[in-house]
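What follows draws every value from the coordinates through simple rules; no lab data is involved. Predicted, not measured: the structure shown is a model, and the values here were computed from it. Glycine gets a Cβ as well: all are built from the backbone with ideal geometry, and neighbour counts include every protein chain shown.
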Amino acid sequence: GQVDARGVGSAGGDREVTADTPFVIGSATKSFTALAVMQLVDAGLVDLEASVRDYVPELELADGQRVDDITVRDLLQQTSGLDDLAGGPLLASAADGTPLAAIAELKDAKLTSTPGEAWGYANANYVLAGLIVERASGMRYGDYVQREIFTPLGMTHSSATTDPAGSDVLADGHRFWFGLPVATEPTRRNATLAAGYLISTAADLGRYLSMHLAEGLAPDGTRIVSADGIRTLLGGGPDATLGAWADGQDSRYAMGWFVGGPWGENAVFHPGNTPDTTTMLTLFPDRDVAVAVVVNAGNELPVPGNPFIADRITRNVVHSTLGQPVLDLPSMWRFYALFDLVALLLLAGTAWGLLRAVPTVTSPSPSRHPARGWAGILVRTLGVGLLVLVPTLSYGWGGLWTWASDLAVVIAALALLLAATAAVRATGLLRAKRADSRAAASSTERVPQHASP
């Protein structure tokens, strides 16, 4: 089909974004990984109903033998029982290691449901799927995608390594620091390439989507995957939940694709997010139309219920392409103004508390209410523990720094200020206690001695 691609904006410095400017496409990568697996199914090298351990025997979970019940289909449909916390820290910490090193991080992971029963988005599923591609094909994942997908589709500006293709230079990414977009080097992860770090362009993604609309045929007639394979990839799957960007609408998850969405008609799509880029791939089979949008900016603070602006922008581009009314975007600046004000007040108030505590050490005096003082120290200590603990309940400190650096700075600064205040207050109380003891001793010495009658 016809591909109409264009670029708008700056790719960094004096470079303009064009249809051939490469971006890291985030989790839109998952559709490529699912396609690679389906090609190997067509070739008789992979069985969707086989256990993942048939291809990756190194996989170990805290659940022991239950890992044998996870099938290849479960990985692609996100029904393995692994949850997002098994994938989030994995993406954040594996960095430039190997896929096997990333999978080794799952040794303490516990399944949250019986394999095949419930949907749960986890990047780990697609790291495992990438390993299956390697084991079944005998090639590195990136080499396979380059040879079997990019090259036959003419995706000449796309790359399946952590480097852009040829002489192409990646568009700068952008992260929000307290509401201000700051240019950054785009995030790339070799170990988790198959889950979220392929590189592509608007024009190349148009060719890729056209192949799906043509039931597996490239523009020159080359068969990329069987028509049955395409129908399996895009067909219905388990119920899935979308984020606030889609107004909480429900969907289903096929294989590397969501089915449904917020556009009010039959759509197959997948968003992709890295800390500094945003992507949306959308197919409308009934219209024979597809839309690919890539933005060199990541999401703002991960606040529950907050519709990320970058995701809303990609959604609105699709609405506009379909001739539908675009949505009013929530004010990111109003949100960040509130966040910045609250952060400033908390930090200023905590710093003021520290400054007020300093005289208790430099000029100690007898304490009037030591019990109240120790209670305040206990409260501050508990506050430090809570601030340190909260990030570990989600993506960990590494993940928080990667995805919300400004929030990580605020939490760390508050914890340090509270810890310093507690330490200074404790030192002051101990010195006050010694001052009390000296005062009592001095008072005893001044008591007059009376002679016996």
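Taking R0 as 51 Å, what FRET efficiency do you get between Met139 and Arg66 from their Cβ-Cβ distance, rounded to the nearest 0.05? For R0 = 51 Å, the calculated efficiency reads 0.95. Here is the list for the stretch 112-202: GluC sites (Glu not before Pro) lying in DSSP coil, each with at most 12 other C-beta atoms within 10 angstrom of its C-beta, are Glu117. What the phi angles of the stretch 210-215 give under the Karplus curve with 6.51, -1.76 and 1.60, with θ = phi - 60°, is a coupling list of 4, 4, 5, 5, 8, 6 Hz, glycine and proline written as x.
One equal scatterer on each Cα of the stretch 165-300, no solvent, Debye formula: the resulting log10 I(q)/I(0) at q = 0.09, 0.16 Å⁻¹ is -0.31, -0.96.
Footprinting exposure proxy ranking of Lys107, Lys30, Lys433, fewest other C-beta atoms within 10 angstrom first, gives Lys107, Lys433, Lys30. When each of Trp352, Trp119 is scored by the number of other beta-carbon atoms lying within 10 Å, the sequence from fewest to most is Trp352, Trp119. With only the Cα atoms considered, the stretch 10-321 has a convex hull volume of 124 Å³ per residue.
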